[in-house]
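The structure appears right after this line, and notes come after that.
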Amino acid sequence: MIVTLALMLTWQTAGLGGINVNALAFDGGNLYGATDSGIFMRSGGSDWVALQSGSFNTIAANNAVLYAGGNGVVKSSDAGRSWTTLSQGWDVSSIVVDGSAVYVGTRDRGILKSSNGGATWIEKPTGISAFVIALAIDANTVYAGTNRGVLKSLDGGDTWRQINNGITIPFSITSIVIDSTTIFAATPFAGVFRSDDRGESWVAANGPSTWVSALALQNRTIYAGTPDQGIFRSQDRGATWTTFNDGLPRAFVHALVLAPGGSQLYAATSSGVLLVDFAPRSRSIRRRL
């Protein structure tokens with residue numbers, strides 16, 4: 001008699017061990033990592049290749065054009081082979097790209113936007129004094145997670161307003177993910193909040209009541225990474241949660257990124273990059289009756 005057993009989803013190392021990895025981005029079959037030790041690239045299952053020295057907090061990639069931020073912004077127009085410094089002296093926390101528009105969130109200068117590939121930048125005043133932790137974009141609507149809650153712009157960053165209705169004080173927002181009208185926001189004090197009306201109102205997502213540092217969203221399933229309790233998963237849009245830590249070392253989870261097509265989930269951590277593979281796998285055993 002042959003019995004087929006489904007294998008448990010288990011985290012496995014994916015390189016850059018011992019390096020503090022702050023952010024990951026996929027583009028054109030390549031995976032890019034922004035780390036305290038520079039920018040790295042992994043193509044397919046190959047080893048990581050160092051592309052640029054320095055310390056970087058965030059990275060965004062689109063059609064072989066990359067932007068990375070740390071103490072300023074650097075850009076590559078050839079998939080990371082060469083780099084140009086666009087700005088220096090900005091404490092950059094997040095970058096998002098929307099076509100020709102590039103938005104940069106900082107801890108010291110608010111939000112800046114470039115409409116010409118980073119050649120020039122325009123500050124986009126938000127109307128409040130706050131440092132930006134996370135950015136997310138959906139069409140021409142931009143969301144900013146700050147130490148004063150969530151900000152929303154409907155006109156490409158020209159005007160902003162706070163949308164904190166239902167978010168528990170204090171308001172710091174560490175990560176934002178969007179799926180159509182539904183938005184999830186992570187906090188360092190009160191777990192995860194969900195909005196079903198594009199941020200106009202929020203409810204607690206019954207998730208880990210701890211510091212949540214990273215989010216990833218795939219249909220009804222949301223993943224929440226933390227600094228010291230691993231990763232949690234909800235398969236019902238935040239109604240219930242379970243730990244998702246098999247094989248995961250104790251590490252600060254800075255970012256969670258789904259591979260194109262959603263077949264793998266990658267975690268950028270203080271101990272390198274880890275992944276879990278969702279591809280159907282099983283093993284068969286022969287049982288003697």
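The values are calculated or read from the model by the stated rules, or taken from the named source; none is laboratory data. For clarity, every value in this text was computed on a predicted model and none was experimentally measured. Methodologically, a virtual Cβ is constructed for each residue, glycine included, from the backbone with ideal geometry; neighbour enumeration extends over all protein chains shown.
Within segment 25-58, work out how many residues are at pLDDT 95 or above and of a type in the set (G, A, S).
Qualifying residue count for the region: 9.
Is there a residue in segment 7-24 that is at pLDDT below 95, small (G, A, S) and part of a strand (DSSP E or B)?
no
Looking only at residues that are assigned to a loop (DSSP other than H, G, I, E, B) and among the polar types (S, T, N, Q) in segment 150-166, which one is surrounded by the most Cβ atoms within 10 Å (Cβ to Cβ)?
Across segment 150-166, the extreme among qualifying residues is N164.
Would you say A267 is within 21 Å of G17 (Cβ to Cβ), at pLDDT 95 or above and outside any loop (DSSP other than H, G, I, E, B)?
So A267 fits the description; yes.
Check whether at least one residue in segment 8-19 is over 18 Å from A255 (Cα atoms), aliphatic (A, V, I, L, M) and surrounded by fewer than 12 Cβ atoms within 10 Å (Cβ to Cβ), and report yes or no.
yes
In segment 129-148, is there at least one residue being on the phi > 0 side of the Ramachandran plot and of a type outside the set (A, V, I, L, M, F, W, C)?
No, segment 129-148 has no match at all.
Output the strands (runs of 3 or more DSSP E) that fall wholly within segment 40-149 and possess 3 or more residues being farther than 15 Å from W160 by Cβ and either touching a residue at least 60 places away in the same chain (Cβ under 8 Å) or small (G, A, S) (or both), or say none.
Per the criteria, 65-76, 84-98.
From the list I128, I176, I122, exactly one residue is in contact with a Gly (Cβ under 7 Å, 6 or more places away or on another chain) and hydrophobic (A, V, I, L, M, F, W, C). Which is it?
I176
Let's see how each residue does on (1) aromatic (F, W, Y); (2) over 18 Å from the mean Cα position of the chain (by Cα):
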position	(1), (2)
T181	no, yes
F184	yes, no
F193	yes, no
A216	no, no
F232	yes, no
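Can you tell me which residue within segment 167-176, out of those that are assigned to a loop (DSSP other than H, G, I, E, B) and modelled with pLDDT of 95 or more, is nearest to the chain's Cα centre (by Cα)?
Checked segment 167-176; the qualifying residue nearest to the chain's Cα centre (by Cα) is T174.
Taking the options G80, G149, G105, name whichever one is farther than 20 Å from F193 by Cβ and in contact with a Phe, Trp or Tyr (Cβ under 9 Å, 6 or more places away or on another chain).
Within the list G80, G149, G105, the selection yields G80.
Just checking, how many residues over segment 190-230 are among the hydrophobic types (A, V, I, L, M, F, W, C) and either surrounded by fewer than 17 Cβ atoms within 10 Å (Cβ to Cβ) or touching a residue at least 60 places away in the same chain (Cβ under 8 Å) (or both)?
2
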